[in-house]
Amino acid sequence: GAVVSQHPSRVICKSGTSVKIECRSLDFQATTMFWYRQFPKQSLMLMATSNEGSKATYEQGVEKDKFLINHASLTLSTLTVTSAHPEDSSFYICSVTQGNEQFFGPGTRLTVL
Amino acid sequence: DAKTTQPTSMDCAEGRAANLPCNHSTISGNEYVYWYRQIHSQGPQYIIHGLKNNETNEMASLIITEDRKSSTLILPHATLRDTAVYYCIVRSTSGTYKYIFGTGTRLKVLA
């Protein structure tokens, strides 16, 4: 299946700063990628669908001005958490769809101090 | 909202079969049942999926009831490495293929 990487694997930042997380499809051209967020001991929550060359589609309740998604190429989508606050601390996971399956990246642990 | 319900947690003895149930009573005819698992602090891993027939692969078997309102994932010989959270997901065969995760079942395999 598709191989998906994320960078960085973990990041610590100060409150008020912005953080960019990269999601790469290493062996597959992905027109669609998904971004999820997972708080401790909770399930994955879909944040948005990232579409190559067009605007992302955000799920209800997700602030699009705070979580900026850019899908500039078929192998790269980025999620920027703007003006991060401690409540944004979470595990962020991306995925790509290949055929009938979704393949997930290893996740990025964000800690905002 | 998630379209599936699963028990919160289960234990299984190492070497025994682990049977994980999932209820998806509102599933429609064009929706697949997918199973993924997530080992702590990693991304989810695909296990198996099916539409209406039972399926088997090298990892597991998927048994779907005839009315498709529930399914069971079977790990035939559970090992300690199978300890994880298992998610049952219902996904349309058309559209954006997005997944809505439920709470999953935390499976603990005991030595």
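FYI, it's all coordinate maths here, none of it is from the lab. Every value quoted in this text rests on a predicted model; they were computed, and no experiment measured them. A quick note on method: Cβ atoms are made from the backbone with ideal geometry, for glycine too, and the neighbour counts reach across all protein chains shown.
Points worth noting:
- At q = 0.16, 0.24, 0.28 Å⁻¹ the log10 of I(q)/I(0) for the stretch A:24-88 amounts to -0.55, -1.06, -1.24, computed by Debye summation with a single uniform scatterer per C-alpha, solvent ignored.
- Per residue of peptide A:4-17, the mean number of Cβ atoms on other chains within 10 Å of the residue Cβ is 0.
- Intensity falloff of chain A expressed as log10 I(q)/I(0), Debye formula with alpha-carbon point scatterers, at q = 0.17, 0.24 Å⁻¹: -0.74, -1.44
- Taken residue by residue and averaged, Cβ atoms of other chains lying within 10 Å of the Cβ of A:32-40 number 2.
- With at most 11 other Cβ atoms within 10 Å, longest stretch of chain A clear of loop trypsin sites (Lys or Arg not before Pro) (DSSP): A:42-113
- Mean partner shielding of peptide A:98-105, defined as the number of other chain Cβ atoms within 10 Å of each residue Cβ, is 5.
- Per DSSP, loop chymotrypsin sites (Phe, Trp or Tyr not before Pro) in the stretch A:1-48 with at most 12 further Cβ within 10 Å: none
- Residue order, fewest to most beta carbons within 10 Å, for B:Thr4, B:Thr93: B:Thr93, B:Thr4
- Among A:Gln102, A:Gln42, A:Gln60, the largest mean-square fluctuation in a Gaussian network model of chain A, built with springs joining Cα atoms closer than 10 Å, belongs to A:Gln42.
- Note on B:Glu58 and B:Thr79: their simple-model spin labels are 1.2 nm apart, each label 7 Å out from Cα toward Cβ.
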